[in-house]
1. Restricting to the stretch 73-110, what's the tally of residues that are without any contact (Cβ under 8 Å) to a residue 60 or more places away in the chain and within 18 Å of Val271 (Cβ to Cβ)?
2. Those residues that are without any contact (Cβ under 8 Å) to a residue 24 or more places away in the chain and over 13 Å from Leu230 (Cα atoms), I need them from the stretch 134-168; list them, please.
3. Residue check: is Val269 within 28 Å of Thr60 (Cα to Cα), touching a residue at least 60 places away in the same chain (Cβ under 8 Å), touching a strand residue (DSSP E or B) at 6+ places or on another chain (Cβ under 7 Å) and not assigned by TED's automatic domain parsing to the domain that holds Leu12?
4. Would you check which residues across the stretch 54-65 are surrounded by 14 or more Cβ atoms within 10 Å (Cβ to Cβ) and of a type in the set (A, V, I, L, M) and list them?
5. Testing Ser74 on (1) exposed (fewer than 13 other Cβ atoms within 10 Å of the Cβ); (2) closer than 29 Å to Asn153 by Cα; (3) of a type in the set (Gly, Ala, Ser), one condition comes back false. Which one is that?
6. Can you list residue pairs whose Cβ atoms sit under 8 Å apart, with the first residue in the stretch 223-235 being closer than 9 Å to Gly260 by Cβ and the second being part of a loop (DSSP other than H, G, I, E, B) and among the small types (Gly, Ala, Ser)? Count only pairs 6 or more apart in sequence or on different chains.
7. Mind listing whichever residues of the stretch 217-245 are under 13 Å from Met282 (Cβ atoms) and either surrounded by fewer than 15 Cβ atoms within 10 Å (Cβ to Cβ) or hydroxyl-bearing (Ser, Thr, Tyr) (or both)?
8. What do you reckon, is Leu54 in contact (Cβ under 8 Å) with a residue 12 or more places away in the chain and either within 16 Å of Val275 (Cβ to Cβ) or touching a Lys or Arg at 6+ places or on another chain (Cβ under 7 Å) (or both)?
Amino acid sequence: MIKIMADSTCDLSNEILELYDISLAPLTINIGGKIYRDRVDIEPDYYYGIMEALPEYPTTGMPSPMEFLDIINSAIKSGHNEILCICMSSGTSGSHQSAVLAKDYFYEENPNSTVKIHIVDSKCMSHGSGWLILKSALMRERGASFEEIVEFNEKYKINIKHFLSVDDLDHLIKSGRISNTSAFIGKILKVKPIMSMKDGKGAIVGKERGTKRVLKHYVEEFVKRNDKELTEFIIIGYTSDIKVAENLRTKIELETDFSGKIHIMQMGVSVGTHVGLGAISMFFVEKRD
């Protein structure tokens, strides 16, 4: 039996997590000295409602190795003998390293175990790793072997295309995702940066004025980049404004030939801390060069 696990930055909906029995190791959020576990002690809608009024900028922390180890041990007790863990990019967090430490500790304590554990450094953020996790769950459901699912993740993880745009550049400044100079120019020109992933880290790949132009950019790039054989679904993410996400879904349906499932899912508290209110994202598989 194959168990799929991840950290909470994958931002998959509770419905998807429950449907495919996906377990999460939660990141933590420090708000005014009080520690909350992402998706356990605090929910996105509540957090986004208070975010702008917080006197201090919240900080996030990675899951401990024990969080991952507890999931591994629980999965084994439930009869799973193959465990796939897909983590956010090691270039942006220590979450992947925590999972590796948990795996190493398990084998040290159980040297004769025949359980297979594979940790994926997804090179992705938010619904990027979420895309890989959902794809892995679908492959498992269709009868793919553990080795086939691992191979897909390792082969195509760098092809999960990320697009992210934000309303408020201040959160990206405070989290170190964008320079003060770029943010200042952006505010003066009233442009929205469009970010993607390069070498496992966030990078600005475009700038557009206004939300309409951002969505137009997303759709045009999707048409040029989309791998039609591999993108069986798209994930659209948002923090505080679901209407923008719904507008993007409508544009994709009307202006492209994509006929697969389009999921709309809210970004969690740990990711939202870094991107702020009004963020809109899109994830699919892009063609190889």
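1. So the answer is 2.
2. Selection gives Arg142, Gly143, Ala144, Ser145, Glu147, Glu148, Glu151.
3. Values: within 28 Å of Thr60 (Cα to Cα): yes; touching a residue at least 60 places away in the same chain (Cβ under 8 Å): yes; touching a strand residue (DSSP E or B) at 6+ places or on another chain (Cβ under 7 Å): yes; not assigned by TED's automatic domain parsing to the domain that holds Leu12: yes.
Spelling it out, Val269 is indeed within 28 Å of Thr60 (Cα to Cα), touching a residue at least 60 places away in the same chain (Cβ under 8 Å), touching a strand residue (DSSP E or B) at 6+ places or on another chain (Cβ under 7 Å) and not assigned by TED's automatic domain parsing to the domain that holds Leu12.
4. Met62
5. For Ser74, the failing item is (1).
6. Thr231/Gly260; Glu232/Gly260; Phe233/Gly260; Ile234/Gly260
7. Passing the criteria: Tyr218, Glu220, Val223, Thr231, Tyr238.
8. Details: in contact (Cβ under 8 Å) with a residue 12 or more places away in the chain: yes; either within 16 Å of Val275 (Cβ to Cβ) or touching a Lys or Arg at 6+ places or on another chain (Cβ under 7 Å) (or both): yes.
Yes.
The values are calculated or read from the model by the stated rules, or taken from the named source; none is laboratory data. On a predicted model such as this, the values are computed, not experimentally measured, just so you know. Backbone-built Cβ (ideal geometry, glycine too); neighbour counts: all protein chains shown.
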